[in-house]
Amino acid sequence: MRSRSAHWYPHGPVRGASCRARTYSDPVINHPKYIRGFRGPFLLGTVTQMSKKVLIISGSPRKGNSDRLCEEFMRGAIEAGNIVEKVDLRSRRIGFCRACYRCTEKKRCVIDDDVPAIVDSIHDSDVIVLASPVYFYSVDAQLKAVIDRCVSRWTEIHDKQFYYIATAAEDSETVADCTIQCMRGLADCLDGSV
């Protein structure tokens, strides 16, 4: 599925998008880690007021709606006094994990591309924002490759706060469920991360 429109952001709609926002009062649907919007994107996480180091990873292979929401998230995080770094995966060299496990000996991935620096930034950040358009009910390949390549330092990365942004062209209430689960899988593997 390709992203066509962005419809929900906690500080209001994204400029230029035709937007309708909806939140749910049902306690099961309105779980504090899972806020749904109408026709996406979906942002998960809780907002904090402390100054933190925030890393935004935009998996969008083009400058689309998920990337626009990353820009808005970044603007809000900077206004709140946080230190923010944004990584656009479309402009990075990203290879796929080869499952060679040489990283277990060297404590760093041996593939010569941009991912080791991104994993270092994940390690050094307090807050991680993962953003992806919904492609076939999952994340795009660029973001999935970075998630898989975290294997080189996953035991060292812990106590991170995660936010998830997903955009979708479909109207279904559950269109982003698998995408969010894929992104949430990284947080589930990192001790103390939420």
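The values are calculated or read from the model by the stated rules, or taken from the named source; none is laboratory data. As the structure is a prediction and not an experimental result, all values here were calculated from the model. Reconstructed Cβ throughout: ideal geometry from the backbone, glycine too, with neighbour counts over all protein chains shown. Keep in mind that these areas ignore ligands, DNA and RNA; they rest on the heavy atoms of the full protein, side chains included. Shrake-Rupley method; radii C 1.70, N 1.55, O 1.52, S 1.80 Å.
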Using the structure shown, decide if Val129 is in contact (Cβ under 8 Å) with a residue 24 or more places away in the chain, in contact with a Phe, Trp or Tyr (Cβ under 8 Å, 6 or more places away or on another chain) and of a type in the set (A, V, I, L, M, F, W, C).
-> yes
Give just the number: which of (1) assigned to a helix (DSSP H, G or I); (2) open to solvent by less than 40 Å² (accessible area, probe 1.4 Å) does Gln142 not satisfy?
-> (2)
Counting only residues that are under 17 Å from Ser132 (Cα atoms) and buried (at least 19 other Cβ atoms within 10 Å of the Cβ), how many does segment 157-186 have?
-> 14
Selection over segment 173-186 where residues are more than 14 Å from His123 (Cβ to Cβ) and under 12 Å from the mean Cα position of the chain (by Cα) yields a count of 7
If you scan segment 138-184, which residues turn out to be of a type in the set (D, E, K, R) and more than 14 Å from Val194 (Cα to Cα)?
-> Asp140, Lys144, Asp148, Arg149, Arg153, Glu156, Glu170, Asp171, Glu173, Asp177
Which members of segment 167-194 meet the condition of being part of a helix (DSSP H, G or I) and not aliphatic (A, V, I, L, M)?
-> Asp177, Cys178, Thr179, Gln181, Cys182, Arg184, Gly185, Asp188, Cys189
Within segment 93-119, the count of residues that are more than 16 Å from the chain's Cα centre (by Cα) and either in a helix (DSSP H, G or I) or of a type in the set (Lys, Arg) (or both) comes to 11
Residues of segment 117-139 satisfying the condition of being under 15 Å from Leu89 (Cα atoms), open to solvent by 10 Å² or more (accessible area, probe 1.4 Å) and touching a helix residue (DSSP H, G or I) at 6+ places or on another chain (Cβ under 7 Å) | Val139
